[in-house]
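Notes to accompany the following structure.
Nothing in this text is a laboratory measurement; each read-out follows from the coordinates by a stated rule. For clarity, every value in this text was computed on a predicted model and none was experimentally measured. Neighbour counts run over all protein chains shown; Cβ positions are idealised from the backbone, glycine included.
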Amino acid sequence: MQDPVLLTPGPLSTSLATRSAMLRDWGSWDSAFNALTASVCRDLVDIAGAAASHVCVPLQGSGTFAVEAAVGTLVPREGKVLVPNNGAYCQRIVRILGYLGRAAVVLDHREDEPADVAHIDAALAADPAISHVAQVHCETGTGILNPLREIADVTAVHGRGLIVDAMSTFGALPIDAATMPFTALIAASGKCIEGVPGMGFVIAERDALEQAAGNSHSLALDLHDQWVYMRKTGQWRFTPPTHVVAALRAALDQFREAGGQPTRLARYRDNCRALVDGMHVLGLQPFLPAEVQAPIIVTFHAPADAAYDFSEFYRRVRERGFILYPGKLTTVNTFRVGCIGAIDAGVIERAVAAIAASLGDMGVTPTASA
Ligand SMILES: *Cc1c(COP(=O)(O)O)cnc(C)c1O
């Protein structure tokens with residue numbers, strides 16, 4: 001039987017070429033592996049348009065490890081971080097700040113409301129002690145897109161640092177350090193670049209990183225130490241995720257050959273459109289207004305029918321070959337469907353058909369509870 005298609009925002013479905021790149025063992029001391037790491041880092045910095053000013057520091061682990069490493073390394077212990085909060089991944093940054101003992105100012109928003117640039121402006125003006133803004137680009141908890149360019153501008157005007165969690169957008173939405181100033185931007189191998197999970201990376205301003213020695217509370221998550229060691233030796237500190245790096249190299253090759261970020265965005269937009277249109281025909285409505293929906297993952301209202309049960313729905317859709325994602329909202333009953341990964345609109349259309357058939361089997365009339 002074929003593996004199910006992952007309609008989840010990481011891990012996601014990868015191409016055969018990417019998976020095949022893992023059929024080889026690499027020595028961590030070997031110069032061929034070091035060259036592989038260096039080439040991956042070079043490409044990642046280029047995708048962010050940041051080669052003149054920033055460096056890429058890779059880190060073992062899932063994306064959250066890299067977020068925690070970036071915050072712990074780049075925010076001084078006496079620093080203070082403003083977090084515009086409109087969802088689960090913003091709240092995760094707030095939790096990280098709590099663990100690290102860094103002061104936080106949380107700017108709460110509704111979950112269907114993009115981060116408000118005027119409020120950020122006012123908060124920065126009101127509190128000169130805020131050293132950094134930590135902004136999630138696409139809040140994957142709902143799929144909402146935050147206005148990163150405007151937030152970067154206002155943060156720069158106030159002379160503060162900007163740490164961007166671009167985990168679910170890097171490679172798909174345009175990000176350019178030259179026109180969108182940031183101190184650090186965090187993403188991971190297993191999202192829109194379509195590698196396999198296991199490695200995060202931080203694209204950090206060289207100057208900020210140089211000044212960050214001694215900030216980190218943690219050896220394993222000290223990005224400055226990782227960077228200094230890697231610059232000196234070409235190697236990772238501690239065992240590198242060799243197969244993940246090899247798969248990421250293959251994924252980056254395919255990304256470039258296909259036309260890079262604009263092509264990826266176009267494919268994800270097609271996927272998102274096919275999904276929203278197809279679900280609309282079934283009577284299932286997105287949680288977010290279309291203007292703030294990123295083409296990454298879509299939250300749908302669950303059908304308002306007593307026969308609906310997510311785990312039963314999930315099981316039936318999985319039997320038909322597609323893996324869905326539960327909702328992350330506490331107040332509204334929802335489920336999520338990812339648009340990212342090595343899939344096209346034809347796959348999405350088949351997924352919508354599987355969703356229709358599964359709801360039919362359950363006796364659910366898919367009129368959403370919107
Ligand atoms: C996936 C993701 C992360 C990292 O999550 P992990 O489970 O640690 O990989 C962080 N922020 C956003 C916005 C994400 O989408």
Using a Förster radius of 30 Å, what is the FRET efficiency between R350 and R110 based on their Cβ-Cβ separation? Nearest 0.05, please. 0.35
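Mind putting a number on the dipole of the chain about its Cα centre? Charges go on the C-beta only, +1 for Lys and Arg and -1 for Asp and Glu, and I need it in Debye to the nearest 20.
On the way: 29 positive and 37 negative charges, 146 e Å.
Rounded to the nearest 20 debye, it is 700 debye.
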Would you mind checking the tilt of helix 242-258 against the longest principal axis of the Cα atoms of the chain, expressed as 0 to 90 degrees and rounded to 10? 70
After finding the eigenvalues of the alpha carbon gyration tensor for the chain, what semi-axes result from the square roots of 5 times each, listed largest first in whole Å? 34, 26, 17
Work out how far the C-alpha atoms of the range 259-362 reach from end to end along every principal axis, then list the three figures in whole Å, largest first. 45, 29, 22
Acute angle (nearest 10 degrees) that the helix 260-282 long axis makes with the longest principal axis of the chain, alpha-carbon atoms: 30
Beta carbons within 10 angstrom, averaged per residue: use that to sort the peptides 100-111, 41-52, 254-265, highest first. 41-52, 100-111, 254-265
Label-point separation in nm, H158 to S20, each point 7 Å along Cα→Cβ: 5.1
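What is the dipole size for the range 94-175, taken about its Cα centre, with +1 at each Lys and Arg Cβ and -1 at each Asp and Glu Cβ, in debye to the nearest 20?
340
So if we plug the beta-carbon distance of A51 and R318 into 1/(1 + (r/R0)^6) with R0 = 56 Å, what FRET efficiency do we get, rounded to 0.05?
Working: r = 43 Å, r/R0 = 0.76.
Using R0 = 56 Å, I get an efficiency of 0.85.
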Answer with one residue from L248, A356, N333: the one whose Cα lies farthest towards the positive end of the charge dipole of the chain, charges on Cβ with Lys, Arg +1 and Asp, Glu -1. L248
Taking the chain as the reference, fit the longest principal axis to its C-alpha atoms, fit the long axis of helix 310-319 to the helix C-alpha atoms, and give the angle between the two in degrees, 0 to 90, nearest 10. 90
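From the gyration tensor of the Cα coordinates in the range 66-190, what semi-axes in whole Å does the equivalent ellipsoid have, largest first, with each one equal to sqrt(5λ)?
Ellipsoid semi-axes (Å, largest first): 19, 16, 15.
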Please name which of G79, T169, I151 has its Cα lying farthest along the dipole of the range 76-183 towards the positive end, using unit charges on Cβ (Lys, Arg +1; Asp, Glu -1) and the Cα centre as origin. G79
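Going highest first, how would you order 325-334, 279-288 by mean Cβ packing within 10 Å? Show your work: numbers first, answer last.
On the way: 325-334: 14.8, 279-288: 18.6.
For the peptides 325-334, 279-288, the packing ranking is 279-288, 325-334.
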Summing +1 for each Lys or Arg and -1 for each Asp or Glu, what net charge is found among the other residues whose Cβ lies under 14 Å from the Cβ of V337? +4
Of A307, A290, V317, which is farthest on the positive side of the dipole of the range 274-329, counting Cα position, with +1 on Lys and Arg Cβ, -1 on Asp and Glu Cβ, and the Cα centre as origin? V317
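With r as the distance between the Cβ atoms of H119 and T331 and R0 = 25 Å, compute the FRET efficiency 1/(1 + (r/R0)^6) and round to 0.05. Working shown, then result.
Details: r = 22 Å, r/R0 = 0.87.
Calculated value: 0.70.
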